[in-house]
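Asker: Dropping a structure here in structure tokens format, bear with me for questions.
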Amino acid sequence: MSAPLLAMHDIRKRFGGVQALNGVNLEVRSGEVHALVGENGAGKSTLMHILAGVHQPDEGSISWDGKQHVVIANEHAAQRLGIAIVFQERSLFSSLSVAENIFAGRQPVSRWGAIDRRALRANSAALLRRVGLACDPGTPLSELSSAQQQMVEIAKALSLDAKLIIFDEPTAALTETETTALFSVIAQLKAADVAIIYISHRLEEIFKIGDCVTVLKDGTWQGTFAVAQITTDDLINRMVGRALSFARADGGARYGPVVLEVRNLTDLSLEGEVRTRLRGISFQARKGEVLALAGLCGAGRTELALAIFGARPRESGEILIDGQVVDIDSPADAIAAGIAYLPEDRKDAGLFLDMTIAQNVAAARLKDFGSWWFSDARGEAAAEEFRKQLRVTSHGVKQAVQTLSGGNQQKVVLAKWLLIQPTVLIVDEPTRGIDVGAKAEVHALLRQLARKGTAVIVISSELPEVLALADRILVMREGRITGEFKGEDATEEAIMRYASLHVPA
Ligand SMILES: Nc1ncnc2c1ncn2[C@@H]1O[C@H](COP(=O)(O)OP(=O)(O)OP(=O)(O)O)[C@@H](O)[C@H]1O
Ligand SMILES: [Mg+2]
């Protein structure tokens with residue numbers, strides 16, 4: 001076997017009371033896709049931040065490209081070594097253009113020392129073609145969707161001509177088409193002998209593109225394995241320390257009356273905006289029911305949620321809560337009617353990053369927990385209960401949300417909404433970025449909420465999740481409902497058939 005390009009040995013890193021890394025090893029070779037897996041808070045991003053020069057290790061050694069004991073003092077040092085990272089948290093500047101973001105601080109300069117705008121455009125356009133993003137390099141970043149911004153982030157990594165590119169959960173915000181584009185970019189990089197470190201909670205991706213996989217658990221190294229020689233169950237066992245299965249909805253659930261009814265909803269076509277139009281959507285959701293909206297990306301599921309939540313203008317149609325037509329023209333109207341919505345992009349979903357877990361959770365129930373910046377003991381106790389139930393890795397509810405791992409931040413957002421117990425809760429991709437172990441717990445919480453009487457509507461692109469959670473499934477395609485299944489009758493194949501183009505008459 002060739003000598004590794006990168007060898008990290010016995011890396012340790014502590015943040016205050018948290019030993020984030022406790023003796024981790026990682027060897028990566030050129031032309032290899034090396035997957036890195038572990039539960040939320042296992043230390044994956046921290047290890048990558050050390051490689052990217054964001055953090056310094058407390059102990060341990062790094063050799064790189066034949067050199068021993070390399071110090072990666074800062075992000076520029078990492079770039080000079082040829083290490084590029086696509087961060088889990090977006091790191092781009094939304095006020096700058098796509099091209100300026102790709103070449104931030106490294107713009108091509110003309111003979112006179114001025115920024116060479118033509119070269120900037122041309123180089124950016126070439127990179128955008130490589131990642132399959134059809135947009136003008138001059139577009140302000142703020143006009144792109146979060147998935148498109150992620151592709152820009154990848155284009156930026158490519159522009160560095162790196163020997164090693166780190167992808168920290170790159171597909172969490174990507175559509176299926178974009179994921180396919182990303183995988184072909186990764187295949188090209190691999191063929192060009194670039195080393196790739198790939199972090200994802202979607203284990204099927206690891207088996208699809210990974211050559212080997214390193215497992216972390218609570219900051220400790222659990223071993224490195226050839227992907228061809230390890231099974232999914234074995235991998236999960238090493239990550240979580242126990243076997244897991246997605247329990248299927250029992251089917252014996254008892255529902256109450258219809259609490260939400262949508263009649264013939266059609267939304268307004270906004271001039272110039274490319275999006276799915278909702279056409280004649282009608283359905284009902286019952287008290288105590290978990291209803292899933294399945295479909296491919298672009299099927300209109302999020303648009304439907306936004307229209308019900310008053311965040312998208314409707315052209316026609318009615319929304320009834322408890323049999324009464326309600327006027328919903330804004331999210332405030334929807335909340336007043338008892339409808340809560342947990343959006344797909346939780347970065348914008350009202351997490352107060354520099355406040356603690358307890359304060360964030362309490363903010364959802366101001367009137368019950370007193371003033372929210374000064375959360376009382378009761379609020380803390382409730383937050384602590386959620387922290388345990390969702391297994392948020394932190395040293396208590398007084399840790400600032402900012403210092404939690406990505407997946408743990410998402411659990412806090414979820415806890416907030418679960419506490420409100422609305423009449424109708426719509427959750428959009430509730431387990432995105434959440435590890436396999438905690439997924440089962442999120443599912444249990446959503447079911448528990450339904451048992452307490454909320455109608456839970458789940459939008460999910462992961463079919464195993466839809467099948468595990470839903471009492472009933474509505475399949476959408478191109479802004480219409482094309483199929484309906486009882487949870488126990490549905491199969492992945494049947495859902496896919498209704499979600500894709502060939503709908504049987
Ligand atoms: N700047 C920081 N200050 C304090 N604690 C931190 C800091 N950065 C990370 N941690 C802690 O270190 C641990 C490891 O976090 P890390 O982000 O590496 O996890 P991860 O494996 O990437 O998880 P995820 O899958 O959720 O992204 C967590 O307990 C986290 O709260
Ligand atoms: Mg992470």
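Asker: Working carefully through the options Gly487, Gly453, Gly433, find the one that is in the same structural domain as Ile281 (by TED's automatic domain parsing) and farther than 24 Å from Pro257 by Cβ.
Answerer: Gly433
Asker: May I pose another question? Out of all the residues in region 82-95, which are touching a helix residue (DSSP H, G or I) at 6+ places or on another chain (Cβ under 9 Å), more than 16 Å from ligand 1 (Cβ to nearest atom) and modelled with pLDDT of 85 or more?
Answerer: Of everything in region 82-95, those that are touching a helix residue (DSSP H, G or I) at 6+ places or on another chain (Cβ under 9 Å), more than 16 Å from ligand 1 (Cβ to nearest atom) and modelled with pLDDT of 85 or more turn out to be Ile83, Ala84.
Asker: Continuing with the same structure: If I filter region 155-203 down to residues being within 23 Å of Arg80 (Cβ to Cβ) and of a type in the set (Asp, Glu), which single residue comes out as nearest to the chain's Cα centre (by Cα)?
Answerer: Selected residue: Asp168.
Asker: Examine region 491-503 for a residue that is modelled with pLDDT of 80 or more and not in a helix (DSSP H, G or I), and state whether such a residue exists.
Answerer: Yes, because at least one residue in region 491-503 is modelled with pLDDT of 80 or more and not in a helix (DSSP H, G or I).
Asker: Quick check, is Ala364 at pLDDT below 80 and under 30 Å from Ala147 (Cβ atoms)?
Answerer: Spelling it out, Ala364 is indeed at pLDDT below 80 and under 30 Å from Ala147 (Cβ atoms).
Asker: Is at least one residue of region 216-228 in contact (Cβ under 8 Å) with a residue 40 or more places away in the chain and surrounded by 23 or more Cβ atoms within 10 Å (Cβ to Cβ)?
Answerer: Yes, some residue in region 216-228 is in contact (Cβ under 8 Å) with a residue 40 or more places away in the chain and surrounded by 23 or more Cβ atoms within 10 Å (Cβ to Cβ).
Asker: Which of the residues belonging to region 400-438 are in a helix (DSSP H, G or I) and either more than 12 Å from ligand 1 (Cβ to nearest atom) or under 20 Å from Arg286 (Cα atoms) (or both)? Let's see the steps before the verdict.
Answerer: Here is the first cut: in region 400-438, the ones in a helix (DSSP H, G or I) are 401-403, 406-420, 436-438.
Answer for region 400-438, where residues must be in a helix (DSSP H, G or I) and either more than 12 Å from ligand 1 (Cβ to nearest atom) or under 20 Å from Arg286 (Cα atoms) (or both): Val413, Leu414, Ala415, Lys416, Trp417, Leu418, Leu419, Ile420.
Asker: Applying the selection to region 23-41, what residues are of a type outside the set (Gly, Ala, Ser) and crowded, with 19+ Cβ neighbours inside 10 Å?
Answerer: Val24, Leu26, Val28, Glu32, Val33, His34, Leu36, Val37, Glu39, Asn40 - these are the residues of region 23-41 that are of a type outside the set (Gly, Ala, Ser) and crowded, with 19+ Cβ neighbours inside 10 Å.
Asker: Here's a follow-up. Looking at region 134-176 only, could you name the residues that are touching a strand residue (DSSP E or B) at 6+ places or on another chain (Cβ under 7 Å), within 17 Å of Ile206 (Cα to Cα) and of a type in the set (D, E, K, R)?
Answerer: Matches in region 134-176: Asp168, Glu169.
Asker: Here's something else I'd like to know. Condition first: assigned to a helix (DSSP H, G or I), more than 16 Å from ligand 1 (Cβ to nearest atom) and of a type in the set (Ser, Thr, Tyr). Now tell me which residues in region 158-189 satisfy that. Walk me through it before giving the result.
Answerer: Residues of region 158-189 assigned to a helix (DSSP H, G or I): 158-159, 170-173, 176-189.
Subset that is more than 16 Å from ligand 1 (Cβ to nearest atom): 158-159, 176-189.
If the condition is that a residue be assigned to a helix (DSSP H, G or I), more than 16 Å from ligand 1 (Cβ to nearest atom) and of a type in the set (Ser, Thr, Tyr), then Ser159, Thr177, Thr179, Thr180, Ser184 are the ones that fit.
Asker: Is it the case that Gly38 is within 16 Å of ligand 1 (Cβ to nearest atom) and farther than 28 Å from Ile236 by Cβ?
Answerer: No.
Asker: Keeping to region 190-215, report how many residues are at pLDDT 95 or above, of a type outside the set (Val, Ile, Thr) and not in a loop (DSSP other than H, G, I, E, B).
Answerer: Adding up the residues that qualify gives 3.
Asker: Let me ask another. I'd like the full set of residues that are within 16 Å of ligand 2 (Cβ to nearest atom), in a loop (DSSP other than H, G, I, E, B) and in contact (Cβ under 8 Å) with a residue 24 or more places away in the chain, limited to region 1-55.
Answerer: Gly38, Glu39, Asn40, Gly41, Ala42, Gly43, Ala52, His55
Asker: Related question: With the structure loaded, tell me whether Val475 is under 17 Å from the mean Cα position of the chain (by Cα) and either in a loop (DSSP other than H, G, I, E, B) or among the hydrophobic types (A, V, I, L, M, F, W, C) (or both) or whether it fails that test.
Answerer: Working: under 17 Å from the mean Cα position of the chain (by Cα): no; either in a loop (DSSP other than H, G, I, E, B) or among the hydrophobic types (A, V, I, L, M, F, W, C) (or both): yes.
Judged against the criteria, Val475 is not a match.
The values are calculated or read from the model by the stated rules, or taken from the named source; none is laboratory data. All of these numbers come straight from a predicted model, not from anything done at the bench. Every residue, glycine as well, gets a Cβ built from its backbone with ideal geometry; the counts of neighbours run over all protein chains shown.
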